[in-house]
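Have a look at the structure below, then the notes.
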Amino acid sequence: MIVTFIDEQRAEGRGVESICQVLREQGLAVAPRTYRAWKLRAPAARTHSDAQLTDALRRVKTGGPDGRPLPEVLYGRRKMTAWLQRNGFPDVSKHTVDRLMRDEGMRGLIRGRKTRTTIGAKDGQRAADLLKRDFRTHAPNRAWVTDFTYVSTWAGFTYVGFAIDLYSRAIVGWSAATVKDVAFVEACLSMALWRRDHTGRPVPEGMIHHSDAGSQYTSIRFTETLALQGLSASIGSVGDAYDNAAAESFMGLYKNEAIAAGSPFRTGPLRTLADIEIITTDYVHWYNNRRLHSLLDNVTPEEFEIAYYDHDTGSPTGDAANKKTA
């Protein structure tokens, strides 16, 4: 502050010695040689590294299209630390990131509460719960969890459903519609099966398809669809979110990271189904290919699956294979 004051006075034509004399008269003992030493001294290493990190954080806040934030602005201290370590700052600590994020007014996403949307079919025939709250698998395509949520638009409610692989937490399929019927959840399943086939990661016979006890999932039509695809139906308890906790947790992420006001994926009001489809397409791509997942030791779902297939077969499949043959 003192150096800045002297610089400002020098810019108005005053000499260093006279400025320092006035400061001494006001109780601030500053010698001219002290000021010159301050000016010649190189900035501390911490000051230099803080400036580089602050620039990186500011790019996150304004580096998107039209100066909008990048999706990584959603990260809190721990995930932002991992992201910076992957992007040119391998030795940065979470304490430094916490301090600089606070200086920049960045606090990450604070998650809200998910509203329940599925209504159980009390009189329907339900499959057994094959997961029993064990939401970890040893390989891709061993178990998927699925659920849907609602989004309010100017045109009315839009429903968005997702299928998630429990191994990598990748979004393998999704669908959006203005009616939450069986066709809506079948569309999500169809996309998931198609995407797995077309990325060289086909679904084996008997894979578990787990959902809550909503009437769409317990219907005869959907149960028959699963059987025709060779999948094993699994249904959690009625009204018990813990029996589908992995899907419930993701729904909260989606509503807060992609849909909430201020989300980096939103460019304006949510008017129609088409707006939701655009946002969801962008979010799913980011989630699968760029978003760091703490359950996966802060790598992306796509990286996690590529590592599995590289280790299992010795050669890449899916997106990795496409890149090598392009």
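Some points to look at:
- Scanning the stretch 211-255 for residues that are of a type in the set (Phe, Trp, Tyr) and under 30 Å from Gly108 (Cβ atoms) yields a total of 3.
- Close pairs from the stretch 185-196: first farther than 16 Å from Asp165 by Cβ, partner in a helix (DSSP H, G or I) and hydrophobic (A, V, I, L, M, F, W, C), Cβ under 8 Å, at least 6 apart: Val185/Phe222; Glu186/Phe222
- Candidates Asn288, Asn298: the one that is under 22 Å from Phe148 (Cα atoms), touching a residue at least 60 places away in the same chain (Cβ under 8 Å) and either crowded, with 16+ Cβ neighbours inside 10 Å or out of contact with any strand residue (DSSP E or B) (no Cβ under 6 Å at 6 or more places or on another chain) (or both) is Asn288.
- Residues satisfying the stated conditions in the stretch 299-317, i.e. modelled with pLDDT of 95 or more and out of contact with any Pro (no Cβ under 7 Å at 6 or more places or on another chain): Val299, Thr300, Pro301, Glu302, Glu303, Phe304, Ala307
- In the stretch 114-153, residue modelled with the highest pLDDT [restricted to those that are of a type in the set (A, V, I, L, M, F, W, C) and part of a loop (DSSP other than H, G, I, E, B)]: Ala139
- Residues located in the stretch 231-287, provided they are closer than 20 Å to Tyr75 by Cα and of a type in the set (Phe, Trp, Tyr): Phe250, Tyr254, Phe265, Tyr283, Trp286, Tyr287
- A count restricted to the stretch 144-159 and to residues that are buried (at least 24 other Cβ atoms within 10 Å of the Cβ) and among the aliphatic types (A, V, I, L, M) stands at 1.
The values are calculated or read from the model by the stated rules, or taken from the named source; none is laboratory data. Predicted, not measured: the structure shown is a model, and the values here were computed from it. A quick note on method: Cβ atoms are made from the backbone with ideal geometry, for glycine too, and the neighbour counts reach across all protein chains shown.
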